[in-house]
Amino acid sequence: MNTYEGVIVGGGLAGSAAAITLAQAGRSVVLLEKESQAHHKVCGEFLSQEALVYLRALGVEVATLGAVPINAVRLAGRFGVSEVPLPFASRALTRRKLDEELLQLAERAGATVLRGRRVLSFDRADEGWSVRLADGATVVANTVFLATGKHDLRERPRPAGRQGDLIAFKMYWRLAPEQAAALEGHVELNLYRNGYAGMLPVEDGAVNLCGLVKRAEYLRMGARWEHLLTAMQRDCSHLKQRLQGATPLLAKPLAISAIPYGFVRERSDGAWVLGDQAAVIPSFTGDGMSIALHSGRLAAGMYLQGATAENFQQQLHRELSQQVSLATVVSRAIVSEPRRTLVESAVRVWPGLLGSVARRTRIRPDAMLG
């Protein structure tokens, strides 16, 4: 049995941000990560200006990791392609590379990072918390931070959220040279029946295609990836053009279902709940990576100032509820056939709508931490 001041369950963006901040302040913290090494995750891998600010504050300069500049956004659907410049500087970088950098930084800052250690549950114990691991070990700490991302602990499921009927997937591709050149510097949002997918270049010449589709639609296709991919290209000719001559870089796509998009936690039972466990914003209509980083930094900062987990959860709810709500409204409109047409028409009439939505679904400037 090991005792620490704080235990962080989950080694993604939120958990690492909290671990680094607490360790830099001289606190005894242990981070428990269930995977033995950083790995690919279902994530759009788009780093907004806000995410870059937080990463620099933590000591990460993503350009040195090969992050790719993103300058503009395109919306592609049945009516063609609309393009607008992004209202902020941004980059793209795979989670596998970024997560590994943050975990190593947490170790250098003085945190104990234990990999390949899956947490089963945690409960109150005397003045603190007892964390039970799958290998039978127990970790005891004064405070627990829950940061397991999109995956719930069995005994701590999140509510369904406002848009829980989607399946998320991600595949890496290597595009044909002419298509890679056309995509350079852009993130493209491709619309198709009952779903949408973002495409953007990442490091080492790869391209991330990360999307959502209604569960009922996927089941109608026999729950087969190849059927979904064919349907996506049939509905969106722009996506079909991009994938002409492309080579998949994974044996099969990563996928996850039952994500409670639109959920924002309001209260705490004493645990500090971070990242997707606290607020789940739909991919590409919102900025989940900056939310994760913000929540980790905010939780650690408030803890160091003597605040309670309840104080933190209420403040995070105030800061994120409007952004998550708007992003969920947009996402639901895009995956609804009648409203998808209205969205495309509105963007064609007012191209600045894309930039306006992007600004309104980000962390507010007055809430950003230094």
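The values are calculated or read from the model by the stated rules, or taken from the named source; none is laboratory data. Nothing here was measured: the structure is a model prediction, and the numbers come from that model. We place every Cβ from the backbone using ideal geometry, glycine too, and count neighbours over all the protein chains shown.
Here are the numbers:
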item: Residue that is nearest to the chain's Cα centre (by Cα), among those in the stretch 252-270 that are at positive phi and surrounded by 15 or more Cβ atoms within 10 Å (Cβ to Cβ); result: G262
item: Pick from the stretch 113-156, criterion touching a residue at least 60 places away in the same chain (Cβ under 8 Å), of a type in the set (S, T, N, Q) and out of contact with any helix residue (DSSP H, G or I) (no Cβ under 9 Å at 6 or more places or on another chain), ranking: farthest from S257 (Cα to Cα); result: N142
item: Candidate set: the stretch 257-316, residues that are among the aromatic types (F, W, Y) and not in a strand (DSSP E or B); chosen: the one nearest to A197 (Cα to Cα); result: F284
item: Of all residues making up the stretch 150-174, the number that are surrounded by 18 or more Cβ atoms within 10 Å (Cβ to Cβ), among the basic types (K, R) and either in contact with an Asp or Glu (Cβ under 8 Å, 6 or more places away or on another chain) or at pLDDT below 95 (or both); result: 3
item: Residue within the stretch 273-284 that is surrounded by fewer than 24 Cβ atoms within 10 Å (Cβ to Cβ) and not hydrophobic (A, V, I, L, M, F, W, C) present; result: no
item: Test set (1) in contact (Cβ under 8 Å) with a residue 60 or more places away in the chain; (2) within 20 Å of G77 (Cα to Cα) - Y261 fails condition number; result: (2)
item: Out of L86, L22, L75, sole residue that is of a type in the set (A, V, I, L, M, F, W, C) and within 30 Å of R117 (Cα to Cα); result: L22
item: Meets criteria (more than 17 Å from F284 (Cα to Cα) and of a type in the set (K, R)) for R162; result: no
item: Hey, E61 without any contact (Cβ under 8 Å) to a residue 60 or more places away in the chain and either at positive phi or among the acidic types (D, E) (or both) or not; result: yes
item: Failed item, numbered, when G10 is tested on (1) buried (at least 24 other Cβ atoms within 10 Å of the Cβ); (2) out of contact with any Ser or Thr (no Cβ under 8 Å at 6 or more places or on another chain); (3) of a type outside the set (A, V, I, L, M, F, W, C); (4) modelled with pLDDT of 95 or more; result: (2)
item: The stretch 209-229 residues that are charged (D, E, K, R), paired with ones that are assigned to a strand (DSSP E or B) (beta carbon under 7 Å, 6 or more apart); result: K214/L166; K214/G195; R215/L166; R215/I167; R215/S257; E217/G195
item: Close pairs from the stretch 180-197: first more than 16 Å from K170 (Cβ to Cβ), partner among the hydroxyl-bearing types (S, T, Y) and surrounded by fewer than 17 Cβ atoms within 10 Å (Cβ to Cβ), Cβ under 9 Å, at least 6 apart; result: N194/S336
item: Qualifying residue in the stretch 291-306 (condition: among the polar types (S, T, N, Q) and in contact (Cβ under 8 Å) with a residue 60 or more places away in the chain); result: yes
item: Some residue of the stretch 66-83 being out of contact with any strand residue (DSSP E or B) (no Cβ under 9 Å at 6 or more places or on another chain), of a type outside the set (V, I, T) and either closer than 21 Å to W129 by Cα or at pLDDT 95 or above (or both); result: yes
item: Matching residues in the stretch 342-357 - criterion: being of a type in the set (G, A, S) and either out of contact with any strand residue (DSSP E or B) (no Cβ under 6 Å at 6 or more places or on another chain) or at pLDDT below 70 (or both); result: S345, A346, G352, S356
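Residue by residue, here is whether (1) among the hydrophobic types (A, V, I, L, M, F, W, C); (2) over 21 Å from A89 (Cβ atoms) holds:
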position	(1), (2)
V187	yes, no
R193	no, yes
A197	yes, yes
G205	no, yes
A216	yes, yes
L219	yes, yes
E226	no, yes
L229	yes, yes
R234	no, yes
